[in-house]
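Trainee: Before anything else, here's the structure in question.
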Amino acid sequence: MGFFVRFWGVRGSIPTPGPRTRRYGGNTSCYELRSDTTVLIFDAGTGLRELGISLLRNPPRAGLELHLFLSHPHWDHIQGFPFFGPAYLPTTTIHVYGSEKNENYQLLSGQMSNAYFPVAFKDLSARIVPRAFKNDVVQAGDFVVRRFDQKHPGGSAGFRVEHEGRAVVYATDSELDQLLTDPEGPSRNPRTLRRLPAAVVAPMKNADLLIADAQYTDEEYPKRIGWGHARSNTVVDLAIQAGVRQLALTHHDPMHSDRDVDAMVLTASERARSIGAELEVFGAREGVTLRVDRE
Amino acid sequence: MSTRTPTIDEDDVPQTMMNRLPAGFKPRPRRAHQLEQTAGPGSPSRHELSADMLVIGRGSAADLRIESDDVSRTHAQLQRVDDEYTIEDLDSRNGVFLNGLRVHAAVLRDGDQLQLGDVVFTYTEGT
């Protein structure tokens, strides 16, 4: 049974179409994790529109059954939902997972109140079912998904997704630099490994792939403290401490061009090598599918 | 109050650019997407992509045939959707690498480097 990850939207904060971002892509957060029988969607940023188009090219006769996980309801994580084609089909079922109060579900529907969008949430034809985690774990099709809290204004959730002995962690909108055991360490010596508490490292432990918010360079971060996003070098150090195999840098800053992202990937990769870690680092890119169960 | 139906004299309709092409406008000529093979048996060579689907491989059934033991018989498939090509690994032995990263599939962009075994291609987007 395959375990595939496809990147549909990898940009942070706001869509950024145009020639500067053409290669990595300008759509906001949306990731598809699928097995041969189950489709999980992580975040409903503008990348969700294209995922919807793709799903409708060959829909199963019985209709689509989709599992949607929202890290949090900031715009760049929900804005694609009103344009998600399968939501308009009566044959589609969408399970929306949130906290036990399921505030994310309410906020997802709230963006379709008529001041903001011409179609009301209640008029969508699909069966949209709010689901809650129990003790931070849920079974979705043939995947087990565990949620964990992250440091972000208003809060955000990360997810560890397990399937047949493989694990992918989706951890965006997380300001790891506010959680360092030695917060002044990076300013004293940026090259020293940035240690994070065991509780922060644990959800990523031995993941085959970590998809992580790495929006800022070390140079940019001091002017963006408290904005809720991580330094790419700190993310590399988290991946090393957790024994991760592959790291996808994502939530690319809207000001970063493709060349800027290339430079961040190179810096991050050199950092992993200089620490002696066997970690493959790359930049998440729209339209790329990885097969996690192969190696 | 007048009940006369108002009429519009065509001479009174302002001429806008909405119903006229700008002077000098002409559609741009189309240029095909291309794969340029830069390493491996058969290189250097250039392949214009025009089919909606083609298979790259060592076998006789492949559309783009590569005589290399590192390349599987049906190694990868290129498929055109909305005028963009996507490469997909057909369960090959040595995999498909996009700019050094092993991928299952990827929408290709200008300048991408693809490696299939000892064979390297550079993709050029057409217009």
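The values are calculated or read from the model by the stated rules, or taken from the named source; none is laboratory data. Bear in mind the structure is a predicted one, so any value in this text is a computation, not a measurement. Heads up, the Cβs are rebuilt from the backbone with ideal geometry, glycines too, and the neighbour counts pull from every protein chain shown. Remember, those area values only see protein heavy atoms, side chains included, never the ligands or the DNA or RNA. Shrake-Rupley method; radii C 1.70, N 1.55, O 1.52, S 1.80 Å.
Trainee: Quick one: would you say B:GLN77 is within 14 Å of chain A (Cβ to nearest Cβ) and either surrounded by fewer than 20 Cβ atoms within 10 Å (Cβ to Cβ) or of a type in the set (Phe, Trp, Tyr) (or both)?
Mentor: yes
Trainee: I'm trying to understand the selection: among the residues of segment A:141-172, which are of a type in the set (Lys, Arg), open to solvent by 40 Å² or more (accessible area, probe 1.4 Å) and farther than 13 Å from A:LEU238 by Cβ?
Mentor: A:ARG146, A:ARG147, A:ARG166, listed by residue number.
Trainee: From the set of residues in segment B:80-97 that are open to solvent by 70 Å² or more (accessible area, probe 1.4 Å) and more than 14 Å from the chain's Cα centre (by Cα), which is nearest to the other protein chains (Cβ to nearest Cβ)?
Mentor: My answer is B:ASP91.
Trainee: Within segment B:103-123, take every residue that is open to solvent by 30 Å² or more (accessible area, probe 1.4 Å) and over 17 Å from the mean Cα position of the chain (by Cα) and give me the one that is nearest to the other protein chains (Cβ to nearest Cβ).
Mentor: Top of the filtered list is B:GLN115.
Trainee: Which condition number in (1) open to solvent by 50 Å² or more (accessible area, probe 1.4 Å); (2) touching a residue at least 24 places away in the same chain (Cβ under 8 Å) is the one that A:ALA87 fails?
Mentor: Condition not satisfied by A:ALA87: (1).
Trainee: List every residue pair whose Cβ atoms sit under 6 Å apart, with the two residues 6 or more apart in sequence or on different chains, where the first one lies in segment A:48-63 and is on the phi > 0 side of the Ramachandran plot and the second, anywhere, is polar (S, T, N, Q).
Mentor: Matching pairs, first to second residue: A:GLY63/A:THR91; A:GLY63/A:THR92.
Trainee: Which of the residues belonging to segment A:173-195 are among the hydrophobic types (A, V, I, L, M, F, W, C) and surrounded by 20 or more Cβ atoms within 10 Å (Cβ to Cβ)?
Mentor: Residue satisfying the conditions is A:LEU176 alone.
Trainee: Just for strands (runs of 3 or more DSSP E) wholly inside segment A:23-103: which have at least 1 residues that are more than 14 Å from the chain's Cα centre (by Cα) and not hydrophobic (A, V, I, L, M, F, W, C)?
Mentor: Output list reads A:30-34, A:65-69, A:93-98.
Trainee: Just wondering, is there one or more residues in segment B:53-62 that are buried (at least 18 other Cβ atoms within 10 Å of the Cβ), closer than 25 Å to B:ARG31 by Cβ, within 12 Å of chain A (Cβ to nearest Cβ) and touching a residue at least 24 places away in the same chain (Cβ under 8 Å)?
Mentor: No, segment B:53-62 contains no residue that is buried (at least 18 other Cβ atoms within 10 Å of the Cβ), closer than 25 Å to B:ARG31 by Cβ, within 12 Å of chain A (Cβ to nearest Cβ) and touching a residue at least 24 places away in the same chain (Cβ under 8 Å).
Trainee: Taking segment A:255-295 as the region of interest, how many residues are within 14 Å of chain B (Cβ to nearest Cβ) and of a type in the set (A, V, I, L, M)?
Mentor: 10
Trainee: So which residues in segment A:247-256 are open to solvent by less than 20 Å² (accessible area, probe 1.4 Å) and not acidic (Asp, Glu), if there are any at all?
Mentor: A:LEU247, A:ALA248, A:LEU249, A:THR250, A:HIS251, A:HIS252, A:HIS256, listed by residue number.
Trainee: Would you please name the residue that is nearest to the other protein chains (Cβ to nearest Cβ), looking only at residues in segment A:1-15 that are open to solvent by 20 Å² or more (accessible area, probe 1.4 Å) and in a loop (DSSP other than H, G, I, E, B)?
Mentor: A:MET1
Trainee: From the list A:SER109, A:SER125, exactly one residue is of a type in the set (Gly, Ala, Ser) and part of a loop (DSSP other than H, G, I, E, B). Which is it?
Mentor: Every option except A:SER125 fails the conditions.
Trainee: With respect to A:GLY154, determine if the residue is under 17 Å from the mean Cα position of the chain (by Cα) and small (Gly, Ala, Ser).
Mentor: Taking the combined requirement at face value, the residue satisfies it.
Trainee: Regarding A:ILE275, is this residue touching a residue at least 24 places away in the same chain (Cβ under 8 Å), open to solvent by 10 Å² or more (accessible area, probe 1.4 Å) and aliphatic (A, V, I, L, M)?
Mentor: For A:ILE275, the condition - touching a residue at least 24 places away in the same chain (Cβ under 8 Å), open to solvent by 10 Å² or more (accessible area, probe 1.4 Å) and aliphatic (A, V, I, L, M) - is met.
Trainee: Are any of the residues in segment A:69-76 of a type in the set (Gly, Ala, Ser) and either open to solvent by 40 Å² or more (accessible area, probe 1.4 Å) or over 18 Å from A:SER156 (Cβ atoms) (or both)?
Mentor: For segment A:69-76, residues of a type in the set (Gly, Ala, Ser) and either open to solvent by 40 Å² or more (accessible area, probe 1.4 Å) or over 18 Å from A:SER156 (Cβ atoms) (or both): absent.
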